[in-house]
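Derivation of every value follows stated rules applied to the coordinates shown; laboratory data play no part. As the structure is a prediction and not an experimental result, all values here were calculated from the model. In this analysis, Cβ positions are derived from the backbone assuming ideal geometry, glycine residues included, and neighbour counts consider all displayed protein chains.
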2 protein chains.
Amino acid sequence: MEGTPTSRAERRRRTEERILSAARTIFAERGFQRTTIRAVAAAAQVDPALVMQYFGSKQALFEQAVRIPEIPPLDGLEPVEELLGRIGMKMGPLPQATLAVMRSMLTHPDAAEEVRGKLDGQVARLAEAIGSGDAELRAALMVSTMLGVTIAHQLLGLTALRDASGERIAETLRPSLRALADG
Amino acid sequence: MEGTPTSRAERRRRTEERILSAARTIFAERGFQRTTIRAVAAAAQVDPALVMQYFGSKQALFEQAVRIPEIPPLDGLEPVEELLGRIGMKMGPLPQATLAVMRSMLTHPDAAEEVRGKLDGQVARLAEAIGSGDAELRAALMVSTMLGVTIAHQLLGLTALRDASGERIAETLRPSLRALADG
DNA sequence: CAATTCACTCAACACTTGTTGATTCAACGA
DNA sequence: TCGTTGAATCAACAAGTGTTGAGTGAATTG
């Protein structure tokens with residue numbers, strides 16, 4: 001027994017982070033609806049009322065738990081490789097916050113809105129990088145492909161994808177994305 | 001007021017179908033958790049208790065509402081065109097039952113299991129049709145692509161995909177899928 | 001026509017869940 | 001040291017939900 005600093009500010013900061021972390025984990029596992037304040041509180045070893053006191057509402061807790069740094073914009077140089085690199089990264093576990101939004105995006109309107117916004121943004125950037133006539137459609141299909149692979153792999157656990165390494169997936173997917181990127 | 005046949009068997013058949021139809025619609029819109037027996041009953045203009053009496057439980061109602069005819073196996077000839085054709089079809093609204101399972105697949109374990117099974121099956125058939133070394137991985141990526149496009153279009157409503165016709169999507173996607181199918 | 005079956009409704013229970021107000025007690029500032 | 005602050009808990013409410021059992025009346029059957 002030591003280390004545990006009993007400073008007020010520090011304790012508060014730590015429990016708040018403990019709650020957020022628990023929330024991210026459980027939101028990512030079960031989605032918004034099936035996640036209960038009580039479950040989060042229990043996982044954070046805290047009274048449910050405290051969660052409310054700190055975050056105001058389940059919805060607010062979700063928003064804060066899910067808040068993640070903006071996706072860095074494509075470097076403009078090689079969009080396809082950029083995307084693939086991101087897939088390569090994604091084949092290691094995605095950040096919990098991202099998984100949480102994705103897990104809820106089909107059943108929670110706000111999560112859907114958030115994802116839609118982020119994807120639309122990516123499409124716009126990609127389309128600009130591509131440039132040609134039906135660039136936007138092709139960009140949308142590229143993004144959709146990424147979305148599908150990520151869902152199948154990270155959230156559904158498609159058996160054929162579970163074994164494969166991120167590198168191998170990226171490598172296999174490259175020609176497909178390139179076909180979309182180039183006219 | 002006429003036509004309404006007051007035969008017992010017929011009445012029963014009709015209300016049962018009315019309930020199932022309402023269930024499919026609402027499950028497809030909100031997913032499993034957010035769908036209440038009461039909402040289904042109201043939409044079917046029936047007492048909630050009747051839904052229970054006929055189907056036993058919310059879970060059983062879901063299973064029955066979602067039961068859809070098996071996906072016809074690929075003809076073996078041109079898997080890519082087969083898939084694209086299915087996309088072409090899918091760009092018109094998908095059957096409500098399918099939308100219902102898909103809507104719930106990230107948050108309802110049973111729906112996840114069902115979708116996973118169906119996708120695994122498709123992967124297996126596709127892989128067989130392809131044949132080469134990493135056929136299974138490539139097949140899985142093809143299926144994931146289809147999944148992603150369908151989700152983005154039908155469930156998320158990606159703006160860039162909302163306007164595009166099924167034909168045009170299929171056409172644009174073809175080279176991409178072909179790149180995956182052929183070595 | 002009398003008895004019975006059965007589609008359908010009503011009212012309620014049991015439980016979960018988000019949320020709240022009063023309360024406790026250790027850290028803090030004077 | 002002592003009053004104050006604020007982190008944390010406790011008990012409870014109110015609403016919503018799946019589910020149940022008793023009831024009602026029209027269709028059915030003998």
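Annotation: B:Val101 fulfils all but one of (1) more than 10 Å from DNA strand D (Cβ to nearest atom); (2) over 30 Å from B:Ala129 (Cα atoms); the unmet one is (2). When restricted to residues that are within 22 Å of B:Pro109 (Cβ to Cβ), away from DNA strand C (no atom under 14 Å from the Cβ) and away from chain A (no Cβ under 14 Å), region B:18-38 contains 2. When the residues of region A:49-60 are filtered to those that are near DNA strand C (Cβ under 8 Å from one of its atoms) and farther than 12 Å from A:Ala23 by Cα, the one that is surrounded by the most Cβ atoms within 10 Å (Cβ to Cβ) is A:Met52.
Of the residues making up region A:93-106, not a single one is buried (at least 18 other Cβ atoms within 10 Å of the Cβ) and farther than 26 Å from B:Phe32 by Cα. Need pairs with beta-carbon distance below 8 Å; first residue at the interface with chain B (Cβ under 7 Å from one of its Cβ atoms) and closer than 23 Å to A:Ala135 by Cβ and within region A:159-183, second hydroxyl-bearing (Ser, Thr, Tyr) and in a helix (DSSP H, G or I); sequence gap 6+ or separate chains. Taking only residues 6 or more apart or on different chains, the pairs are A:Leu173/A:Thr145; A:Ser176/A:Thr145; A:Ser176/B:Thr145; A:Ser176/B:Ser176; A:Ala179/B:Ser176; A:Leu180/A:Thr145; A:Leu180/B:Thr172; A:Leu180/B:Ser176. There is no residue in region A:71-92 that is of a type in the set (Lys, Arg) and within 15 Å of DNA strand C (Cβ to nearest atom). Could you tell me which residue of region A:37-59 is farthest from DNA strand D (Cβ to nearest atom), considering only residues that are under 17 Å from A:Arg11 (Cα atoms) and in a loop (DSSP other than H, G, I, E, B)? For region A:37-59, the residue satisfying everything is A:Ala44. Examine region B:130-142 for a residue that is out of contact with any His (no Cβ under 6 Å at 6 or more places or on another chain), of a type in the set (A, V, I, L, M), in contact (Cβ under 8 Å) with a residue 24 or more places away in the chain and surrounded by fewer than 22 Cβ atoms within 10 Å (Cβ to Cβ), and state whether such a residue exists. There is at least one residue in region B:130-142 that is out of contact with any His (no Cβ under 6 Å at 6 or more places or on another chain), of a type in the set (A, V, I, L, M), in contact (Cβ under 8 Å) with a residue 24 or more places away in the chain and surrounded by fewer than 22 Cβ atoms within 10 Å (Cβ to Cβ).
Within region B:99-125, the set of residues being facing another protein chain (nearest Cβ under 10 Å), in contact (Cβ under 8 Å) with a residue 24 or more places away in the chain and over 15 Å from the mean Cα position of the chain (by Cα) comprises B:Thr107 only.
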